[in-house]
Amino acid sequence: MSPRHFLTLKDLSSAELKQLLSRASELKKIHREGALYEPLKNRVLGMIFEKSSTRTRVSFESGMAQFGGHALFLSSRDTQLGRGEPVEDSARVISSMVDAVMIRTFEHSLVETFAQYSSVPVINALTDDYHPCQLLADMQTYQEHRGSIEGKKVVWVGDGNNMCNSYINAASLLDFQLVIACPKGYEPNPELVAEHQDRVTVLHDAKDAAKGADLIVTDVFASMGQEDEQEQRLKDFDGFQVNTDLMSLANKDALFMHCLPAHRGEEVSAEVLDHPDSVVWDEAENRLHAQKALLEFLLCN
Ligand code: CP
Ligand code: NVA
């Protein structure tokens, strides 16, 4: 039987996602109480990184250690993957020695190919197209602060990137309205938008979008791999900064999120990022708890 993978949020049913989010909050409580819970004793997670990371690496590595297991950091700079060993071969070899594999890379097709040849679960830890692990943490954070997100208005401001695509999937699974405000030419995957047109609206004016929002989310204008476009994007994204003016259009109890790392003064003002309505530090911490729930789901069921 082929293993269960987590390449996009759509690899979970709506019921599974909701159960996983509740479990993440339970695991957070267990961790805070200092209780020993080691369901992954002697199990190993291989972590392949072809892009930089702080939160993803620290949360997966700490989560595995807290679960009694081990995490193996595999940088493409130091493995044969980085020297051209085929993904298919690497997948067969690595998966024969570990219990799960986490991959952060550029092309989404690489994680799909890896998963096809892997004998153990594969987790997408960010590709150019999706960042589903971040959405687990974001949705857990919203739920912990405000309860169910069902029926709420979520506004994505900025680039129609990997995070934005994952928000579209979350809107479909958790039944919220997603309004995306991006400059022309920076829209998210059009097929994904078309598939979810009942829940997703794309606008080109941040102020129109922000009205009545329950949650405003943004991300960097230039993602990893787009460093050369930074200057052009700064010009193109003029008017798409989340600042106090924009937040004032949202509902009174609206939250602000950002997957981090953030650039104060570019996509978000320092005032908004450091304001009490900003839950970015909880959001970052929840990467740990949400991914522990994911590992437990994939490896202990
Ligand atoms: N949000 C996020 O994935 O952070 P890192 O790039 O630091 O892992
Ligand atoms: N969109 C960003 C997210 C970083 C966590 C990137 O891909 O670089």
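The values are calculated or read from the model by the stated rules, or taken from the named source; none is laboratory data. Please read these numbers as outputs of a predicted model, since none were measured by experiment. All Cβ positions, glycine included, derive from the backbone under ideal geometry; neighbour counts span all protein chains shown. Heavy atoms of the whole protein, side chains included, go into the accessibility calculation; ligands, DNA and RNA do not. Shrake-Rupley method; radii C 1.70, N 1.55, O 1.52, S 1.80 Å.
So for region 88-145, Kirkwood radius off the Cα pairs, Stokes-Einstein at 10 °C and 1.306 mPa s: how many µm² s⁻¹? My calculation gives 130 µm²/s for D. Working from Cα pairs under 8 Å separated by at least six residues, relative contact order for region 85-166 is 26 percent. Amide H contacts of ILE180 (H built 1.01 Å from N, in plane; Pro and chain starts excluded): TRP156, THR201, VAL202, LEU203 sit under 5 Å, all sequence-distant by 5 or more or on other chains.
With equal scatterers on the alpha carbons only and no solvent term, can you work out the Debye log10 of I(q)/I(0) for region 96-211 at 0.10, 0.14, 0.21, 0.22 1/Å? So the normalised log intensities are -0.34, -0.64, -1.15, -1.22. Calculated from the alpha-carbon coordinates, region 236-301 shows an Rg and a Dmax of 15.4, 47 Å respectively.
Close amide-amide hydrogen proximity is noted between SER75 and PHE49, each under 5 Å apart and 5 or more residues distant or on a separate chain (H modeled in the peptide plane; Pro and chain starts excluded). With kT/(6 pi eta Rh) evaluated at 25 °C and eta = 0.890 mPa s, and Rh the Kirkwood radius from Cα pairs, the chain diffuses with a coefficient of 125 µm²/s according to Stokes-Einstein. Bridgeable lysines around LYS292 (alpha carbons under 30 Å apart, same-chain partners fewer than 8 residues away excluded): LYS10, LYS18, LYS28, LYS29, LYS41, LYS51, LYS152, LYS153.
For the residues CYS300, CYS133, a 1.4 Å probe over the protein chains yields an accessible-area ranking, largest first, of CYS300, CYS133. Per the Debye formula with a single identical scatterer at each Cα and no solvent contribution, what log10 I(q)/I(0) holds for region 35-134 at q = 0.12, 0.17, 0.20, 0.23 Å⁻¹? Relative scattering, expressed as log10 I(q)/I(0), comes to -0.36, -0.72, -0.99, -1.28. Remark: the chain carries 44 Å² of accessible area per residue (probe radius 1.4 Å; ligands, DNA and RNA excluded). Rg and Dmax of region 183-301, based on Cα coordinates, read 16.2, 49 Å.
FRET efficiency for ASN42 and LYS252, Cβ-Cβ distance as r, R0 = 41 Å, nearest 0.05? Using R0 = 41 Å, I get an efficiency of 0.25.
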